[in-house]
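What follows is one structure encoded as structure tokens, with my remarks underneath.
The values are calculated or read from the model by the stated rules, or taken from the named source; none is laboratory data. Just so we're clear, the structure is a prediction, and the values are computed from it rather than from any experiment. Positions of Cβ are backbone-derived with ideal geometry, glycine not excepted, and every protein chain shown enters the neighbour counts.
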Amino acid sequence: MKYRTLGKTGVKVSEIGLGTWQLGGSDWGDVSEKDALAILHRSVEMGINFIDTADVYGMGRSEKLIGKFLKETKETVYVATKLGRREWIENNGWPTKYTIEMVKRDIEDSLKNLGVDSLFLEQWHCIPTEMLKSGEAFELLENFKKKGLIQHWGCSIESIEEGLICMEHPGCETLQVIFNIFRQKVATDLLPIAKQKNVGILARVPLASGLLTGKFKKGHKFPEKDHRNYNADGTAFNVGETFAGVPFEKGVELAEKIKEILKPGDNISMAQLALRWILDHEEVSTVIPGATKIDQVTNNAYASSLMVLSQEVHQRLKELYKKEIEPFIRGKY
């Protein structure tokens, strides 16, 4: 495992981290506590030291499992969490504005769930663009940073516009953004600015909800409670969070074309090469694929040790994106 500096935080994090939406047990099918803890322990065994979660993943379940894991491990692990969508879920809509009382409640609950005195990284969780433009949300996190309840703060965003807005505030240390072979515009329109401002980049949905593993066939049916079923067309939340916004059937076709370019072999999977493509962008601090099985963690971690992809491969993927992928991207971007 190789490590990179997480923007202004100065902390060295593993190139491959772990996203834990899956451990919430509600939007990817059931993951037992035993399996969740095994996934977390395998992660640190593979050199992973960065874990991303959110207060709404299983409405606290993911955070609580990580909290239990932190008590069991002796390794140094940096945990990032997120806030802001809890109010949206509880009130069936966004609040008019976030108050200091709301943020205090959310932060204190995350502290309790994780069993820590201070959050390493707190992030706004894809709140509306207008709330970011006002700047009030940033000042709320600055307030709790001064109080020591959070050490660093950043934003999980849904569009390049939102990322640029967030980076205007000098206190923003990280951006979490959907970045993968299906969503390449981030590389040209966001990453160079992040590098200039020394803002850490967390690449989420790196495998496009599994499409970029190349394992799915047309007609595949996902369980009813899996977001790849109920949010395939953006019915529940931003369609970009599911299959990176590509219609599933079209995504299967495109994944086959990507596979022809990446040329996975017996010892290197398409998923590993798709993660390597992201890591070839030096502005990315860490990639945070999720996992429902231990072997997924192991395989994902090995992407850090792969050699960089050739310029020819990058160019062919860029051409495929412009000609055949970009027209099918849906959702804020």
ask   = Can you name the number of the only condition in (1) of a type outside the set (Phe, Trp, Tyr); (2) in contact (Cβ under 8 Å) with a residue 24 or more places away in the chain; (3) surrounded by fewer than 19 Cβ atoms within 10 Å (Cβ to Cβ) that Leu119 fails?
value = (3)
ask   = Ser156 passes all but one of (1) out of contact with any helix residue (DSSP H, G or I) (no Cβ under 9 Å at 6 or more places or on another chain); (2) free of Cβ contacts under 8 Å to residues at least 40 places away in the same chain; (3) among the polar types (S, T, N, Q); which number fails?
value = (2)
task = From the list Gly93, Gly148, pick out the single residue that is among the small types (Gly, Ala, Ser), over 30 Å from Leu320 (Cβ atoms), surrounded by fewer than 19 Cβ atoms within 10 Å (Cβ to Cβ) and at pLDDT 95 or above.
result = Gly148
inquiry  = Checking Asn229 against (1) more than 30 Å from Val199 (Cβ to Cβ); (2) modelled with pLDDT of 95 or more: exactly one of these is not met. Which one?
reply    = (2)
message = Could you go through segment 59-78 and let me know if any residue there is more than 25 Å from Ala137 (Cβ to Cβ) and touching a Phe, Trp or Tyr at 6+ places or on another chain (Cβ under 9 Å).
response = yes
ask   = Which of the following residues is over 21 Å from Pro170 (Cα atoms) and not small (Gly, Ala, Ser): Lys112, Lys133?
value = Lys112
key: Matching residues in segment 1-31 - criterion: being under 30 Å from Lys225 (Cα atoms), out of contact with any helix residue (DSSP H, G or I) (no Cβ under 9 Å at 6 or more places or on another chain) and without any contact (Cβ under 8 Å) to a residue 40 or more places away in the chain   = Asp30
message = When you scan segment 190-212, do you find a residue that is more than 24 Å from Ser285 (Cβ to Cβ), surrounded by fewer than 24 Cβ atoms within 10 Å (Cβ to Cβ) and without any contact (Cβ under 8 Å) to a residue 60 or more places away in the chain, even just one?
response = no
